[in-house]
Amino acid sequence: MTSPVPSAIASLLLAWYAQESRTLPWRDAPTPYAVWVSEIMLQQTRVESVRPYFRRWMERFPTIAHLAEASQEAVLSTWEGLGYYARARNLHRAARLVMERHGGRLPDDFRALRELPGIGAYTAAAIASIAFGHDVVAMDANLRRVFARLFDVETPLGQAETEKRLRSLAETHLPAGRAGDYNQALMDLGALVCTPKSPRCETCPLRGLCLAQANGTQTQRPTRKAKNRIPHYDVSAAVIRRNGHILLARRPENGMLGGLWEFPGGKVQPGETWQAALQREIREELAVEITVGPRVGTYRHAFTHFRITLQAYECRLRPDSPPLQALEHSALAWVTPAEFEAYPMGKVDRRIARRLQKGEPCVSD
């Protein structure tokens, strides 16, 4: 449902957006492809982090056809460092489907967009409204937060009742024919003014209409469910050397960090030492025995749902070890440190690789 005459909320919002909208590279030339790429990159990632990646991506893959023709290695290398690599793999798969099914043109139909890998309800709505002018609301975190404060919604995010009400409110104030600007204005307002913490109510164009601001509850909205404790894992990784080369293993296509290269290893189990865990993991993953040497370094990293502390160790294959087997990886490669850049990696493995490239000494325990 759209409003034939913009409501007070929509009118004030669009006037503010005309003056204060962010300058973003994907808004310079908002082709359907650019909008699609930007929306995928912006999933769970800050705008400032996305800017350089978007520019680099568009330089390397300027059209859907260029992306479809690229190798997965090229796609993952260009994406490296942005995280959530399933997004890159899905973009790649979707580009090939667009070439096969839609003649190389991103479909403007909401249902057809939803059928493409990696495009959920929000992303389809964002593309449909921004790229194709369809009157649909793109309910992201910013829109939820803005409307939860505007109408002082007390029920927690994530509840069916809350989500239904917030969507209804956003659709009620959606101005006909202006959905793209409306959605982007709400995104910008949430990012610049109606921020998660310490909202800048004094500069908000909607402050006179905001119930939470009037009631003094703006920092309490939106209400959220209590978060579960984030688990932590100890992880051990092997830098296995042979004749001036180091072993890299490519993770399976499906799953976390799929298709990226890593230094093999895995989780330390209760009661294990880091070194014993590494010997067990290498036996399970590669069917060989190793001798564990000095520690290369310790690395900490936070993923979305868990955190790790990883210790990497210099290792050697035992002289009587059988040939390597990729039991849990899609490929193995013996690589010189100078060749590491050609192998896309996750952040922790890239940090290890760069330390090895610099030839930094091992750590004394």
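In this structure, H305 qualifies as in a loop (DSSP other than H, G, I, E, B), surrounded by fewer than 17 Cβ atoms within 10 Å (Cβ to Cβ) and within 26 Å of the chain's Cα centre (by Cα).
Restricting attention to region 273-294 and to residues that are in a strand (DSSP E or B) and not aliphatic (A, V, I, L, M), the residue that is farthest from L310 (Cα to Cα) turns out to be T291. Quick check: is even one residue across region 238-247 under 30 Å from P30 (Cα atoms), of a type outside the set (S, T, N, Q) and at pLDDT below 95? Checked against the condition, which is being under 30 Å from P30 (Cα atoms), of a type outside the set (S, T, N, Q) and at pLDDT below 95, region 238-247 yields no hits at all. Checking each residue in region 15-41 for being of a type in the set (D, E) and within 23 Å of V98 (Cβ to Cβ) picks out D28, E39. Of the residues examined, S198 is not one that is among the hydroxyl-bearing types (S, T, Y) and not assigned by TED's automatic domain parsing to the domain that holds Q43. Of the helices (runs of 4 or more DSSP H) lying entirely inside region 110-218, those carrying at least 3 residues that are out of contact with any strand residue (DSSP E or B) (no Cβ under 7 Å at 6 or more places or on another chain), touching a residue at least 40 places away in the same chain (Cβ under 8 Å) and closer than 30 Å to L97 by Cα are 121-130, 179-192.
Table: residues versus (1) over 27 Å from P323 (Cα atoms); (2) touching a helix residue (DSSP H, G or I) at 6+ places or on another chain (Cβ under 7 Å); (3) among the basic types (K, R); (4) surrounded by 14 or more Cβ atoms within 10 Å (Cβ to Cβ).
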residue: G255; (1), (2), (3), (4): no, no, no, no
residue: G265; (1), (2), (3), (4): no, yes, no, yes
residue: A277; (1), (2), (3), (4): no, no, no, yes
residue: E284; (1), (2), (3), (4): no, no, no, no
residue: G293; (1), (2), (3), (4): no, no, no, yes
residue: T298; (1), (2), (3), (4): yes, no, no, no
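Each residue in region 345-359 was checked for being outside any helix (DSSP H, G or I) and either within 11 Å of L248 (Cα to Cα) or over 27 Å from the mean Cα position of the chain (by Cα) (or both), and 2 pass. Pairs meeting the criteria (first residue in region 329-349 and in the same structural domain as Y299 (by TED's automatic domain parsing), second residue assigned to a helix (DSSP H, G or I) and surrounded by fewer than 16 Cβ atoms within 10 Å (Cβ to Cβ), beta carbons under 7 Å, at least 6 apart or on different chains) are P337/Q357; F340/Q357; P344/E73. Inside region 78-104, residues that are in contact with a Ser or Thr (Cβ under 9 Å, 6 or more places away or on another chain) and hydroxyl-bearing (S, T, Y) make up a count of 1. Summed over region 348-365, the residues that are touching a Phe, Trp or Tyr at 6+ places or on another chain (Cβ under 9 Å) and surrounded by fewer than 15 Cβ atoms within 10 Å (Cβ to Cβ) give a count of 2.
Kindly indicate whether any position in region 231-240 is surrounded by 15 or more Cβ atoms within 10 Å (Cβ to Cβ), hydroxyl-bearing (S, T, Y) and part of a strand (DSSP E or B). Yes. The sole residue among E59, E39, E73 that is touching a residue at least 24 places away in the same chain (Cβ under 8 Å) and closer than 27 Å to E339 by Cα is E73.
Exactly one residue out of E48, E39, E69, E20 is of a type in the set (D, E, K, R) and buried (at least 18 other Cβ atoms within 10 Å of the Cβ): that is E39.
The values are calculated or read from the model by the stated rules, or taken from the named source; none is laboratory data. Keep in mind that what you see is a predicted model, and the values were worked out from it rather than measured. Note: ideal-geometry Cβ built from the backbone for every residue, glycine included; neighbour counts use all protein chains shown.
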